[in-house]
Every structure is written in structure tokens, then in C-alpha cells.
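Enquirer: The structure under discussion is supplied below as C-alpha cells; questions concerning it will follow.
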């Protein structure tokens, strides 16, 4: 009997060991490596670091360099912010996060810059690189020349957007250095990274970094990044009093854990940094773009930033702005260019829990969905307003989004109907049968929960 018990225990132990080696260890091995750095932006002094020189996947932190070069090119008259950029097949075919630009379409460079900075749009980033250097490969070479000039000694860029590619690597130290240069070298442009959202009328384009900007006192930038290989990355800058701290994290496990860690690092930086320090600005590299004929007439003078919008905490004072007119935004660009856009997740939205996904999938069996085409919204008793929560390629995806949204905001959307409109552009996910007041209120609540939303009035 005892021998049998010992044998059972032995078998159980071997099963546990096998599970650990076969499941737990492999899963831990595929998680993205972690690295961080904390820097006093005023002096460039490193206050804390971990694995800061380990070469890792930067993901969309890459766009910091793409934008740095764009600012450089505009400021030096190499290209105009008003230039109508023709979208190539390569740019149009980039995977999400993206705007949904079409091949052959023309759109002003200023809008591409805003899209890359605020929405982290991959198609916009590629288009920027092609507009400045003719091809993404040539632009990548310029990115590497610029990185070397900035002192980013362990960075190699292969593309303009940061999607995973062999050899496309950087470090926490190098990205912290780049963030500091963005702030000091191009201060008139830096405010773009602080915008929580940009709006025109009822259309709102949220910043991929809005959660951190909203929740951390003094935060005013800079850039998020996410891929499976990279994990959740963030370079963040914050100012309190006379102090400015930059913190960088590679390899976060989720948006929340990454943001929490960056907040912890920034707080540590503010605690450790002296209250007063002499500002030692980094050396701005000499402008030297090989084989470029510069039109000095395009070189930027200065223009005024528009006054702060009501309730927009990110814009605090009027200041000089070079080349980027913030009276319009990405959303205006989409309207003007007649883009065929589909909602795409920003590169770091948190996924639903498994339990939530199971509930939604069980409720929305694809085969139970009957084709339904709604061409107009009926009106009765003034309830002729609707809200749109996205455009999708399939009816199932639209229905899934409607149900997910309804579950998240039951009280606000109570009394509305879920309708999918089959248009030429795709399947529109709408809640209909709302009053104007209810539609506005519901949309504001959804936007506060990071759900893109647009009110639709009677036509």
C-alpha cells in the first residue's frame, strides 16, 4: 500500500515537472524582455536604469525618430508641411494601427505627422518616410545617420513605423536620449505628443497615450509602442515645478502594468532629482541631408498656436508653433481626403478578459446573424439621433462591437437599438433611437472609456 502511494506521489511530481518545463517555462520565455531608464531631462543625468543597453524591439517608439526627421525637414525648408503626399501601395498596405489611407490618395504632410504622433498610424509613418526620402529604405538609412548623430549608439532602424523586423532594434537608453532631443531640439512641435485627443465637430481622434496623460500629474508626452515581440513600451516625460523627468520602459506586460511602472519610475525621478539644476541642453546635430536641394522659401518662420480649447488641459498657454496648424486635425484630414477608414486598435489597447470574450462570442454566433441592411435611421418623438462606434469589414465584427459597447455602458444606452448599416465603405455599427441630448451624453461617456464614438443627427 505504501509502495503504491509512493509511486502515485512520484508520478504526480513528474507530471508537475513536465507541466512546468513544457508549459510554464516556454510561456515565460516568449514574454518580452524588460528594460527601463530614468533621466533628469534638464541635465541628461541618469537617475536609474535596468538593462538600459540591451537591444530590444522598440515597436512604435520608432515613430519618435520618424517625427524627429519630419520636424527637421520642415524646419530647414526641405519639405513643406502643406505638401500633398501621394500614398503609395506600400504605405496603404501597412497593418494596424493605421488610418486606412488608399493607394493614390493625396493628403497633406501635416496630417500624416499628426496621425503618426497621436494615433500611431503605421500607414502615415511610411508615407512620411517616402515623402521625405523617396523610399522607406532610404528613409531608414537617414534614421540611422540621425540616430548616430544624436548619440544613439545601439540603435538600428529598418522601417519608419516600428513593426517587428529582423535587426530593427534599440535600447531604453537610446530612446530616452531621443525623447530628450525631441523636447529640446524641436520644442515648437513637442506639444503634439501631449494632446489627449483632437477634435473637429463631433469627431474625436484619441491619443494612444491618453490614459497616462490623463492619470499622471505633469505628464505631457511622449510615445507608446506595442508589438508581440516588444511588449508594451513607453517613453514618458513629465514636468513638476522646475523639474522635468523622462522615463522609458520596454517589455511591459499590459498597458496598465506598463503605465504603473512608468509612473513609479517618474515619481522616483522627481524624488531623487534636485529641485534646481542648470539646464544643459543636448547638442543639436548639424542639419545635413545628403543630395538635397533646399528651398529656403519653405523654411519655417513661426506661427501662433491656437488658443486653448475649453476643457483641453493639454494646451495650457499660447506659444509659438512651427508649421503645424492645430485648428484642424487628423479627423479633418480624413474628412477632406474622403478616406475609407476602418477602426483599428491603437498599438496598446488592453484586450478584454477571457471571460468577457467568451460571453460576447457565445452571444454572437456568426451563423445566427441574419443579413440586415439599414439605410436610414427612423425618427419618432425626437429620438432621431444615433451614435456610431466604428466601421468594420464584416457584419459579425460590427455586431460584436455593438454588444461589447452595450454591455459596458448599459445605463447610458438604455432604450437605444443596435443597428448595423451595410454601406459601400463597410458595416457601420450604430446605436439608434436616441435624442440629441442622449446621443451627446452617451458619446462623451464612451470617449471617456476610450471607445471611439461619433454622433449622427437626422438627415
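Enquirer: With equal scatterers on the alpha carbons only and no solvent term, can you work out the Debye log10 of I(q)/I(0) for segment 393-446 at 0.15, 0.16, 0.22, 0.31 1/Å?
Expert: Calculated log10 I(q)/I(0) at the listed q: -0.41, -0.46, -0.81, -1.22.
Enquirer: Quick one: Cα centre-to-centre distance for segment 145-198 and segment 381-448, in angstrom?
Expert: For segment 145-198 versus segment 381-448, the Cα centre distance is 38 Å.
Enquirer: I've got another one for you. Quick check: from the Cα gyration tensor, does segment 105-238 come out rounded (a/c under 1.5), prolate or oblate?
Expert: Here segment 105-238 falls in the oblate category.
Enquirer: Using a Förster distance of 60 Å, how high is the FRET efficiency between residue 166 and residue 411, based on the Cβ-Cβ distance and rounded to 0.05?
Expert: With a Förster radius of 60 Å, E is 0.75.
Enquirer: By what distance, in whole Å, do the Cα atoms of segment 118-158 stretch along each of the three principal axes, largest value first?
Expert: 27, 23, 14
Enquirer: Also, quick follow-up: Could you give the distance between the Cα centres of segment 87-127 and segment 202-271, to the whole Å?
Expert: 24 Å
Enquirer: Continuing with this model, one more query. Based on the Cβ-Cβ distance from residue 86 to residue 283, what FRET efficiency comes out when R0 is 56 Å, to the nearest 0.05?
Expert: The value I calculate is 0.95.
Enquirer: How long is the gain from residue 93 to residue 436 if the chain were fully straight, where each residue apart is worth 0.36 nm and the alpha carbon distance is subtracted?
Expert: Value of the extension gain: 119.7 nm.
Quick note: the coordinates plus some simple rules give every number you see, no bench work behind them. Note that the coordinates shown come from a computational prediction; the quantities given were computed from them, not determined experimentally. Methodologically, a virtual Cβ is constructed for each residue, glycine included, from the backbone with ideal geometry; neighbour enumeration extends over all protein chains shown.
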